[in-house]
1. Taking only segment B:327-357 into account, find how many residues are under 19 Å from the mean Cα position of the chain (by Cα) and either in a helix (DSSP H, G or I) or on the phi > 0 side of the Ramachandran plot (or both).
2. Residue under question is residue B:288, and the condition is that it be at pLDDT 95 or above and out of contact with any helix residue (DSSP H, G or I) (no Cβ under 8 Å at 6 or more places or on another chain); does it hold?
3. Being more than 12 Å from chain B (Cβ to nearest Cβ) and part of a strand (DSSP E or B) is the filter; apply it to segment A:245-273 and report the residue that is surrounded by the fewest Cβ atoms within 10 Å (Cβ to Cβ).
4. Output the residues belonging to segment A:354-370 that are farther than 21 Å from residue A:110 by Cβ and in contact (Cβ under 8 Å) with a residue 24 or more places away in the chain.
5. Looking only at segment A:118-133, which residues are part of a loop (DSSP other than H, G, I, E, B) and surrounded by 21 or more Cβ atoms within 10 Å (Cβ to Cβ)?
6. Of all residues in segment A:221-233, how many are within 13 Å of residue A:195 (Cβ to Cβ), more than 20 Å from the chain's Cα centre (by Cα) and part of a loop (DSSP other than H, G, I, E, B)?
7. Of everything in segment B:142-164, what is surrounded by 23 or more Cβ atoms within 10 Å (Cβ to Cβ) and farther than 22 Å from residue B:200 by Cα? Give them in sequence order.
8. Which condition breaks for residue B:337 when tested against (1) surrounded by fewer than 18 Cβ atoms within 10 Å (Cβ to Cβ); (2) in contact with a strand residue (DSSP E or B) (Cβ under 9 Å, 6 or more places away or on another chain); (3) over 30 Å from residue B:5 (Cα atoms)?
C-alpha cells in the first residue's frame, strides 16, 4: 500500500532546481470515503508546464503564513503572474494547510479507484488538478473532466486535449475574431499553446508566422507544425524589422504570449482594426517590475482591439472543442509532439528541464502504464 | 475686398507662442469659380483645440521638404501623435505646396458666399476644415457638413455639436459598450471631449468620476457637469490610491485621454470584463519616447478589452448624434461652457492660451457676427 510522491523539500525562490524537490515513498495511500464527495485516483500522466513553478512557489508561500495575510499576498501575486494558475491556486488554497512536505500539485490524467462522489465511479478516467504521486485524493472532483474518448493517446489530455489545447482553441476562435486570409502572428509559438494556435489558424485559412527562441524550434514551426514562416527572436537585432519582413502588409491578429519588447514591435505592425489577444506575458513573469510598453498609441491610429482572456471562462466549450479537434487528430491534420518521461522518480528532472527548454514537444511524466 | 488672416511667421518647434503667428490683411479674397468643385466661405467661428498645434507643426514641416520625403515623415508622425488630426492633414497635404505665410488651418463654422459645387449653394452654413482668415476657399467641400439646425448657438458646432461632441458620442456609445450602473472613469475630464462623455454617461445611468489638472476644473466637473466625483491628479501622490478611493469596487469603463502613469494606475483598478476606450494619450504627445506602461498583464487577469478608435470612422452617425443631442441641449440637460474671443486679431492669443489652460470652457474665436 505504498505511495511514491514528489514533494517540496524547501521553499522555492528564484528558478526551480531539482534540489528543491524530493522523491519519497509514503507508506499510506489516501482513501475516498463513501459520500465524502471526494475521489481517490491512480495518476497516469502528469503535465509539466511553466505554471507548475507558480503553483509550487505560491503554494509553498501560502502554507507558511497566516490565512488572512496569505490570501492578500496571493491575490496581489495572482495579478502579477501567470494567470492560468489562479483558479488552480484558489482551489488548492482551500485545501492546503501546510504545503511543505506535500506532493506538488499539477494537471494530470488519472483513473478513479474509489469514489465518494455521485458523478464518478470506479474505473472512470478523469482530467484535472491532482498531485505528483501515484495515488491522490481529489476533494473537489467537480473541477475534473471525465475522459470519454480513449482512441487517442491518454497523455494527449495533459496537452493537446487539455488546458493548453482549450486555451489555443478558445483564444483563437472566441477572442481573435479570425477571418479567412487574416495574417496571424504568434509569439512563443513552439509552446504548447502557440503551436496549436498556429495549426488552428492554418486549418482556418490564415497566413501564420511564429517566433521562438532557437533554430530547432523555428525548424519545427516551419516543417512540422506547418507555419508559413517563423523566426528566432534571439537572433533578430530589430524585432520591428523582422515583423516587417514577415508581414509587409501588417498583422491582423497577434496571439500574445510574451509581452515586453515583442509587444512593442507588434504594435508598430498591426493592421487597421487588428486584434491582439493577450494569453500570457511570459517574458515578464520573473521581473520585479514589468517592462514598459511604449507604443500603445498605435491602438488609436490602427483602431486595434487588445483583449485579455483566461481559459477558465470558456470551459463550457470543452465538448465543442473535442468535437472539432478529435476528428482532426484522427485524420492526422494536427501535428503534436510529446516528450514522455517514464516514472515518477524522473519527474523532478523532467519538470526542471521545461524551464531551460530541454524538452522538445510537450513534456509529460508517465506515472503508470496501468 | 480685404481678407484678414492669421499666418505662420516661423516654423513651430516646441510649444506654440504668439510670436509664431502674425495677423495680416491680404488685399485679395479667394474666388470659387463655377463648376470648380470648390466653395468660398465667410468664416464665422473657429475652434481652438490642442490639435491645432499638430496641424500647424506638421503643415509647416510638410511645406519645407520634397513631397516624397515629407509623406514618409508625415506617415511616421501620424502614428506618433494626435490621431484626430490625421485625416485633416491628409486632406491639407494635398492642398499645400508651401505652407509658410499661409493662414493656419482649423475647424470652423462658415457661411457659403460662392459655390462651384453642386451640393452647396450661396447662404448655406457649413462645418468643416477651413483656415484662420475672414474668407476661405474650401477645395474639398465634400468633407464639410451642412448645418441645418440653427436654433442653437452656431458656435456650438465647433465643439459640442462638432468633432469633440461626435468623439464623445461615438467613443462612449459605440466603443465603451456601456450598461446602466457601470462605473465610468474619464481622464482629462474637463476637456471638450471628456466633459461630454461624462454627461452622456450620467444621462445613460452610470456612476461617473473624472480627473483634471486644477481645483477650478474639478469644481466644474462636480458642480456644473454633474460628475459624481472628481479629483485633481496633480495633487494626488498616489493615483492608484485615488482611484481606489473613488472606485472601491473597481472601474467598468475607462475613457482614456491621457496615457502614461494614469493608464498604469487604471489597469490596477479595472473590474472583470472592463473596457478601456482609447481616445487620446495627450500626456505623451510631446515626449520624444512615450512613457512605458507596466501593468498590461492586468488585461488578462481582468479579461479587459482595450480598444482604440478615431471619430472619423463614425461620422455616418452624425445625423443620429444630432437627433440625440439637440433635444438634450434644448431641454437644458447638457451643460456646455464656451470661452468666446471676439475678432481674428485676438485669435493667436486665444489659441496659445489653450495650451496653458488659460481658457475655461471651449475656446472659440468669433471671426464675424455676420
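1. Our first condition is that a residue be under 19 Å from the mean Cα position of the chain (by Cα); within segment B:327-357, this holds for B:334-341, B:347-357.
Narrowing further to those that are either in a helix (DSSP H, G or I) or on the phi > 0 side of the Ramachandran plot (or both): B:347-355, B:357.
The qualifying residues number 10.
2. On the way: at pLDDT 95 or above: no; out of contact with any helix residue (DSSP H, G or I) (no Cβ under 8 Å at 6 or more places or on another chain): yes.
Answer is no for this residue.
3. In this case the residue turns out to be A:271.
4. As a first pass, look at segment A:354-370 and keep what is farther than 21 Å from residue A:110 by Cβ: A:355-361.
Selection gives A:355, A:357, A:359, A:360, A:361.
5. Step one: list which residues in segment A:118-133 are part of a loop (DSSP other than H, G, I, E, B), which gives A:118-124, A:132.
Listed by number, the residues that qualify are A:120, A:132.
6. Within segment A:221-233, the first condition is being within 13 Å of residue A:195 (Cβ to Cβ), and the residues that meet it are A:221-227, A:230.
This time we only want the ones that are more than 20 Å from the chain's Cα centre (by Cα), so: A:222-224, A:226-227, A:230.
Of the ones still in play, those that are also part of a loop (DSSP other than H, G, I, E, B) are A:226-227.
Selection size over segment A:221-233: 2.
7. B:144
8. With (1) surrounded by fewer than 18 Cβ atoms within 10 Å (Cβ to Cβ); (2) in contact with a strand residue (DSSP E or B) (Cβ under 9 Å, 6 or more places away or on another chain); (3) over 30 Å from residue B:5 (Cα atoms) applied to residue B:337, the lone miss is (3).
The values are calculated or read from the model by the stated rules, or taken from the named source; none is laboratory data. For clarity, every value in this text was computed on a predicted model and none was experimentally measured. As a convention, Cβ positions derive from the backbone with ideal geometry for all residues, glycine included, and neighbour counts pool all protein chains shown.
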